[in-house]
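The values are calculated or read from the model by the stated rules, or taken from the named source; none is laboratory data. Keep in mind the model is a prediction, meaning the values are calculated, not measured. Here the Cβ is made from the backbone with ideal geometry for all residues, glycine too, and neighbour counts use every protein chain on show. Accessible surface is based on the protein model in full, side chains and every heavy atom, while ligands, DNA and RNA are left aside. Shrake-Rupley method; radii C 1.70, N 1.55, O 1.52, S 1.80 Å.
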Amino acid sequence: MSENLKTIKELADELGISKKYLQNKISYEKKKQNLSIGNWKKISGKNTIVLSDKEQTLIKSWLNSLEDKQEDKADSLEDKQEDKADSLEDKQEDKADSLEDKQEDKADSLEDKQEDKADSLEDKQEDKADSLEDKQEDKSDSLEDKQEDKADSLEDKQEDKADSLEDKQEDKADSLEDKQEDKEKSYLKERISVLEKFLDKEQTSNSELKKIIQQTQNLLDQQQRLALQDKKLLEEYKSEINELKALKMPQEDMKDGSSIRGEAQEEIERLKAQLKLSEEERNKAKEKEPVKTESKKWWQLWK
């Protein structure tokens, strides 16, 4: 399928705009977007710029924007007038000889060459500008690297100073800690000395306490013996009472009963006196028992 190639004049007629306006628009967009639009082709013995389908579509998209439509409305009357003038001029030019057409073609070719030279010059200027920008960026990067190096060096120095200060503070803290440990050791030694003295006194006190405990134990043993004796006497007393109660007196022996009761009564009185004596001895033993005193706790010395 062959492409539908059109000249700028044909496309302008199709879109209802002037050839000059279309040329100006194409030239503007070419420079703006850095594009290459149109190819030279020989038509009716003349070298003419033709547009491909893609180029025609692209140009139409430019012209379809709101801004272009507004500009087209503003320039439409002027373009039509120019088109009329161009048409009249074209008719006059058509009537002119082919020499003038050749001169126009040469002029167009020269203009295209000039445009190419201008584009080439513009490209060179852009390349120079890019090169200059790259150099400036390199200088900026180099300066930034130097500043970073200086900042790193300053930071390292500050860190070294901080480490040195921290080491000094740690040394001071260690020295202070050593002094505190020495004070604590001295304090502990004094306490140990006090405890040793206290233990000596405590040992002496313990020996005295052992003697008191021994005496108390002897008194307790004595009380226990007395208690056993009392218990034994009570049991004997109860046994005799029970025997007396168990005795049955016959009526014919009433004359001798008074004597028996008298003996029994004497025995009871004897046992009561013995029990009373035992209680008195036990009370005396309790009175002789020493009063217990609480020894001071060794840890009270720390208060």
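Taking only region 221-247 into account, find how many residues are surrounded by 14 or more Cβ atoms within 10 Å (Cβ to Cβ) and closer than 19 Å to Leu277 by Cα.
Quick first cut of region 221-247, residues surrounded by 14 or more Cβ atoms within 10 Å (Cβ to Cβ) only: 222-223, 226, 229-230, 233, 237, 240-241, 244.
Now drop any that are not closer than 19 Å to Leu277 by Cα, which leaves 222-223, 226, 229-230, 233, 237.
Residues flagged as surrounded by 14 or more Cβ atoms within 10 Å (Cβ to Cβ) and closer than 19 Å to Leu277 by Cα within region 221-247 amount to 7.
Given the conditions (1) open to solvent by less than 100 Å² (accessible area, probe 1.4 Å); (2) modelled with pLDDT of 85 or more; (3) within 23 Å of Ala107 (Cα to Cα); (4) not aliphatic (A, V, I, L, M), report the number of the one that Gln56 does not fulfil.
(3)
Determine, yes or no, whether Lys161 is at pLDDT below 85, part of a helix (DSSP H, G or I), farther than 23 Å from Ser27 by Cβ and within 37 Å of the chain's Cα centre (by Cα).
On the way: at pLDDT below 85: yes; part of a helix (DSSP H, G or I): yes; farther than 23 Å from Ser27 by Cβ: yes; within 37 Å of the chain's Cα centre (by Cα): yes.
Taking the combined requirement at face value, the residue satisfies it.
Quick one: Thr57 ticks every box in (1) polar (S, T, N, Q); (2) in contact (Cβ under 8 Å) with a residue 60 or more places away in the chain; (3) farther than 28 Å from Asp94 by Cβ except a single one, so which number is it?
For Thr57, the failing item is (2).
Right, Asp178: within 27 Å of Ile26 (Cβ to Cβ) and either among the aliphatic types (A, V, I, L, M) or surrounded by 10 or more Cβ atoms within 10 Å (Cβ to Cβ) (or both) or not? Outline the logic, then answer.
Values: within 27 Å of Ile26 (Cβ to Cβ): no; either among the aliphatic types (A, V, I, L, M) or surrounded by 10 or more Cβ atoms within 10 Å (Cβ to Cβ) (or both): yes.
For Asp178, the condition - within 27 Å of Ile26 (Cβ to Cβ) and either among the aliphatic types (A, V, I, L, M) or surrounded by 10 or more Cβ atoms within 10 Å (Cβ to Cβ) (or both) - is not met.
Given the criterion closer than 28 Å to Leu11 by Cα and at pLDDT 75 or above, identify the matching residue among Asp116, Asp94.
Values: Asp94 fails: at pLDDT 75 or above.
One residue alone meets the criteria, Asp116.
Would it be correct to say that Asn34 is open to solvent by 80 Å² or more (accessible area, probe 1.4 Å), at pLDDT below 90, in contact with a helix residue (DSSP H, G or I) (Cβ under 9 Å, 6 or more places away or on another chain) and not basic (Lys, Arg)?
Details: open to solvent by 80 Å² or more (accessible area, probe 1.4 Å): yes; at pLDDT below 90: yes; in contact with a helix residue (DSSP H, G or I) (Cβ under 9 Å, 6 or more places away or on another chain): yes; not basic (Lys, Arg): yes.
Answer is yes for this residue.
Tally the residues that are among the small types (Gly, Ala, Ser) and surrounded by 14 or more Cβ atoms within 10 Å (Cβ to Cβ), restricting the search to region 37-52.
Here the count works out to 2.
Okay, residues lined up against (1) over 60 Å from the mean Cα position of the chain (by Cα); (2) at pLDDT below 80; (3) not in a helix (DSSP H, G or I); (4) not small (Gly, Ala, Ser):
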| site | (1), (2), (3), (4) |
| --- | --- |
| Asn218 | yes, no, no, yes |
| Lys231 | yes, no, no, yes |
| Tyr237 | yes, yes, no, yes |
| Leu277 | yes, no, no, yes |
| Lys292 | yes, yes, yes, yes |
| Trp299 | no, yes, no, yes |
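Looking only at region 1-28, which residues are surrounded by 16 or more Cβ atoms within 10 Å (Cβ to Cβ) and under 27 Å from Glu126 (Cα atoms)?
Lys25, Ile26
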